[in-house]
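Chemist: Quick one: the structure is below, questions incoming.
The values are calculated or read from the model by the stated rules, or taken from the named source; none is laboratory data. A quick note: this is a predicted structure, and the numbers were derived from the prediction, not measured. Glycine also receives a Cβ, built like all others from the backbone with ideal geometry; neighbour counts cover every protein chain displayed.
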Amino acid sequence: MAIAETTFHLDPEFRGTLQKQIQGVVAEGILSGRFRPGEKLPSSRRLAAHLGVSRITVTLAYTELVADDYLSARGRSGYFVSDTAPRKPDFDLPRTTRIDAIDWPRLIGTRFSAIPTISKPVDWRSYRYPFIYGQTDATLFDHANWRLCALQALGQKDFEALTTDYHQRDDPKLIEFIVRNTLPRRGIVAQSDEILVTLGAQNALWLAAQVLLTQRRTAVMENPCYPGLREILYQSRCNLVTVDVDQHGLPPEAIPTDTDVVFTTPSHHCPTSATMPIERRRSLLERASIDNMVVVEDDYEFEMSYLKPMLPALKSLDREGRVIYIGSFSKPLFPGLRLGYLVGPATFIREARALRATVLRHPPGHIQRTAAYFLSLGHYDAMIRRTGQAYLARRQVMEDALNALGLDIAGRDVVGGSSIWMRAPDHIDTSVLAERLREDRVLIEPGAVFFNAEDAPKNYYRLGYSSISADLIPQGVALIAKALDAMH
């Protein structure tokens, strides 16, 4: 029996080549059971005419499907659904409505779904004024070279890097770049056995907390802080102390003497972007030495120091091995990359690696090798320079607009970053403000989620500028000012 070409349709919204779409249509027909073994496909000429594509496109699609054993070619007779093609299961799914007999609210031992998180709408790109943090601007990302590096990492030469189980080590090319290039820029000297690749900075924070903390130990975190870290520390069930930050970040003198581990973001405090001065960094290390503390330094976004020269990392000033350093490639490249790293004494890294292996084994080898090529070939540095220039221009435009309209910038002592920490009048609930602004196609981030208190202030908010062009910033800021005036 022949399959009529009229059963084939192309989706104009499909993102990919026509060849790939045709392959997908045929494969879906076979997997769903609509196309059965032995049935003949339309000739390449007839299907090409029906779909309005070139005959070679259809022929190439058929050839790929033959290679994957979905189709078989029979000389001059044409293409047929292969006898050994994947088939629809022989059994039928039950048609009755399932009754869930499990009392899941009682059975679930720990609840994670109620954890407050930073909310970003999935369709944020559809908003005209997206003042949200941490998203990638497609106009700044180096698509072409990233694609080339990904293809290179898929080559036969890198087959071992693609397929190796890295549970006891990481991609040597990526580790070499971190050792020879990334860490020296922060004044850090480390050996390969003192580095662990992670699934982003958050995974690195989780590993550090799991290895360092117990229910009998005390951890200090900043307030406000990154919400993801707060929940990690809650889950560790340690004794948790919050210390309020000032315009220079974490004040060392406010840390309790019985603290075991301090978590801090000295380069760009989250969310204020405050930068810890060099004198305070040395004071923090002195306190850590006197009271026998370990310091976990989250050095995210250090590359975005375009307003002033970046300061040395805490890790570079450490002479006693007290600092665990966390870096991220996801922040400067794109959040979906999920690639970061831990740096610490070999003894600590050994335990963190063993824990990583029990949970997720390791970050995918192909991602590690692609990143290694992108970094080592110079594309990363070129992109960072381009991004820094764009962020500088956007920040200047945003500060001018905010100052002109009298909006209160709460975080001013910064060296760069990609956001501005704002303060609304005390009576303003910025979660309400955010909802009203959505009607004007404006996105902002309410600030209450960053604070560790039931009575957290509700009048703070964050404005990111990584995903909005400079020419749209004044209009967006004007809409924010208008909405604030309306709430007085």
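Chemist: For ILE324, only one of the following conditions fails: (1) over 18 Å from the mean Cα position of the chain (by Cα); (2) part of a loop (DSSP other than H, G, I, E, B). What is its number?
Modeler: (2)
Chemist: Continuing with the same structure: Is it true that PHE334 is surrounded by fewer than 19 Cβ atoms within 10 Å (Cβ to Cβ) and among the aromatic types (Phe, Trp, Tyr)?
Modeler: yes
Chemist: Taking the stated definitions as given, is PHE112 exposed (fewer than 12 other Cβ atoms within 10 Å of the Cβ), at pLDDT below 95 and of a type in the set (Phe, Trp, Tyr)?
Modeler: Criteria met by PHE112.
Chemist: Also, I was wondering about something else. Residue pairs, Cβ under 6 Å, 6 or more apart or interchain, first in the range 244-261 and in contact (Cβ under 8 Å) with a residue 60 or more places away in the chain, second charged (D, E, K, R). List them.
Modeler: Cβ pairs passing all conditions: GLN247/ASP413; HIS248/ARG280.
Chemist: Which of the residues spanning the range 472-488 are touching a residue at least 60 places away in the same chain (Cβ under 8 Å) and part of a helix (DSSP H, G or I)?
Modeler: The answer is LEU472, ILE473, PRO474, GLN475, GLY476, VAL477, ALA478, LEU479, ILE480, ALA481, LEU484.
Chemist: Could you check the range 434-446 and list, in sequence order, the residues that are under 15 Å from GLN475 (Cα atoms) and assigned to a strand (DSSP E or B)?
Modeler: Across the range 434-446, the qualifying residues are VAL442, LEU443.
Chemist: Here is a further query. Can you tell which of LYS315, LYS308, LYS331 is basic (Lys, Arg), assigned by TED's automatic domain parsing to the domain that holds PRO266 and in contact with a Lys or Arg (Cβ under 9 Å, 6 or more places away or on another chain)?
Modeler: LYS315
Chemist: Still on this structure, I have one more. Give the range 182-198 a look and list any residue that's within 23 Å of the chain's Cα centre (by Cα) and either closer than 20 Å to ARG338 by Cα or not in a helix (DSSP H, G or I) (or both), or say none.
Modeler: Correct list: THR182, LEU183, ARG186, ILE195, LEU196, VAL197, THR198.
Chemist: Another question about this same structure. Select from the range 277-306 the residues that are within 23 Å of ALA393 (Cα to Cα) and touching a helix residue (DSSP H, G or I) at 6+ places or on another chain (Cβ under 7 Å) and list them in ascending order.
Modeler: TYR300, GLU303, MET304, TYR306
Chemist: Within the range 441-457, how many residues are over 22 Å from ALA274 (Cα atoms) and either aromatic (Phe, Trp, Tyr) or at pLDDT 95 or above (or both)?
Modeler: Selection size over the range 441-457: 3.
Chemist: Test each condition in (1) more than 25 Å from THR182 (Cβ to Cβ); (2) of a type in the set (Ser, Thr, Tyr); (3) not in a helix (DSSP H, G or I) for SER431 and report the one that comes out false.
Modeler: (3)
Chemist: Any chance you could count how many residues in the range 243-277 are modelled with pLDDT under 95, of a type in the set (Val, Ile, Thr) and either surrounded by fewer than 19 Cβ atoms within 10 Å (Cβ to Cβ) or assigned to a strand (DSSP E or B) (or both)?
Modeler: Selection size over the range 243-277: 0.
Chemist: Would you check which residues across the range 55-82 are crowded, with 16+ Cβ neighbours inside 10 Å and among the hydrophobic types (A, V, I, L, M, F, W, C) and list them?
Modeler: VAL58, LEU60, ALA61, LEU65, LEU71, PHE80, VAL81
Chemist: Quick one: what pairs do we get from the range 203-221, first residue part of a helix (DSSP H, G or I), second among the charged types (D, E, K, R), C-beta under 6 Å, 6+ apart or different chains?
Modeler: Correct list of pairs: VAL211/GLU351.
Chemist: Further, regarding this structure: For the range 409-417, check the following and say yes or no: at least one residue is out of contact with any Pro (no Cβ under 8 Å at 6 or more places or on another chain) and more than 28 Å from PHE334 (Cα to Cα).
Modeler: No, that holds for no residue.
Chemist: Still on this structure, I have one more. May I ask you to list pairs of residues, at least six apart or on different chains, whose Cβ atoms are under 7 Å apart, with the first in the range 401-412 being touching a residue at least 24 places away in the same chain (Cβ under 8 Å) and the second being among the hydroxyl-bearing types (Ser, Thr, Tyr) and assigned to a loop (DSSP other than H, G, I, E, B)?
Modeler: Within 7 Å, the pairs are ALA410/THR272; GLY411/THR272; GLY411/SER273.
Chemist: Look at the range 222-238 and say how many of its residues are touching a Lys or Arg at 6+ places or on another chain (Cβ under 7 Å) and farther than 21 Å from ARG111 by Cβ.
Modeler: 0
Chemist: Could you say which residue among GLN168, GLN202 is modelled with pLDDT under 90 and not assigned by TED's automatic domain parsing to the domain that holds ARG394?
Modeler: It is GLN168.
Chemist: Scan VAL323, VAL295, VAL359 and give me the residue that is of a type in the set (A, V, I, L, M), under 17 Å from ALA201 (Cα atoms) and out of contact with any strand residue (DSSP E or B) (no Cβ under 8 Å at 6 or more places or on another chain).
Modeler: Unique residue meeting the criteria: VAL359.
Chemist: Okay, moving on. Being over 19 Å from LEU339 (Cβ atoms), assigned to a loop (DSSP other than H, G, I, E, B) and of a type in the set (A, V, I, L, M) is the filter here, so list the residues in the range 287-312 that pass it.
Modeler: Matches in the range 287-312: MET293, LEU307, MET310, LEU311.
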